[in-house]
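Below is one structure; the comments refer to it alone.
The values are calculated or read from the model by the stated rules, or taken from the named source; none is laboratory data. Just so it is clear, the model here is predicted, and its values are computed rather than measured. Please note: Cβ atoms are built from the backbone with ideal geometry, for glycine as well, and neighbour counts cover all protein chains shown.
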Amino acid sequence: MKNFAILCSLLFLTAMRPAHPLKMCVCHVKHQSETGRLHLTFRFFRDDLEWAMEKQTGRTLDLTQITSDNNRLLSDFVKKQFDLTINRKHLTLRHTGSSIDDLVLVVEFDADGFAPAPAYEVDLSNSILLDVFPDQYDMVRFDFFGSGNLETMRFEREERRLFREVRG
């Protein structure tokens with residue numbers, strides 16, 4: 001009986017522990033020369049995003065399936081938290097799709113209004129999940145020139161807005 005009580009206690013503690021200790025969002029921004037647009041791919045741990053959005057909306061969500069309602073919520077969430085200006089021109093994000101890859105939720109956008117240039121002045125405000133998880137870490141990787149030479153901007157704790165000049 002004592003072993004059964006210990007086993008139940010361990011199972012309870014395991015259930016209460018977070019599924020993963022790392023809280024992170026990674027965004028990859030790539031210039032697609034064939035379309036002239038920037039394509040943005042955000043990757044979230046699905047459970048972290050679901051929990052944060054439930055807290056924000058006050059309703060229970062299920063992000064294990066992609067529905068039109070979930071797509072709208074995801075698009076609105078990212079657009080509210082992520083603001084990108086390049087060469088002093090604000091870019092409008094247009095949601096192009098969402099998918100689930102195991103524990104990761106992938107949300108994709110095209111940025112309308114992007115103009116290719118030899119250098120870029122990046123002004124980025126990013127608060128994705130940073131207000132919900134104090135240990136959140138966001139990373140935005142830019143591939144403007146298609147060379148695989150990525151420029152990375154990291155957001156953690158107090159950082160919400162960063163400026164960077166990127167040259168080819």
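To keep it simple, each residue is scored yes or no on (1) touching a helix residue (DSSP H, G or I) at 6+ places or on another chain (Cβ under 9 Å); (2) within 15 Å of Glu159 (Cα to Cα); (3) in a loop (DSSP other than H, G, I, E, B).
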| site | (1), (2), (3) |
| --- | --- |
| Asp69 | no, no, no |
| Arg72 | no, no, no |
| Leu93 | yes, no, no |
| Phe109 | yes, no, no |
| Phe114 | no, no, yes |
| Ser125 | yes, yes, no |
| Leu130 | yes, yes, yes |
| Val140 | no, yes, no |
Would you mind stating whether Arg46 is crowded, with 17+ Cβ neighbours inside 10 Å and at pLDDT 90 or above? yes
Which of (1) modelled with pLDDT under 90; (2) exposed (fewer than 14 other Cβ atoms within 10 Å of the Cβ) does Asn126 not meet, given it meets every other one? (2)
Meets criteria (buried (at least 20 other Cβ atoms within 10 Å of the Cβ) and either under 13 Å from the mean Cα position of the chain (by Cα) or of a type in the set (A, V, I, L, M, F, W, C) (or both)) for Val132: no
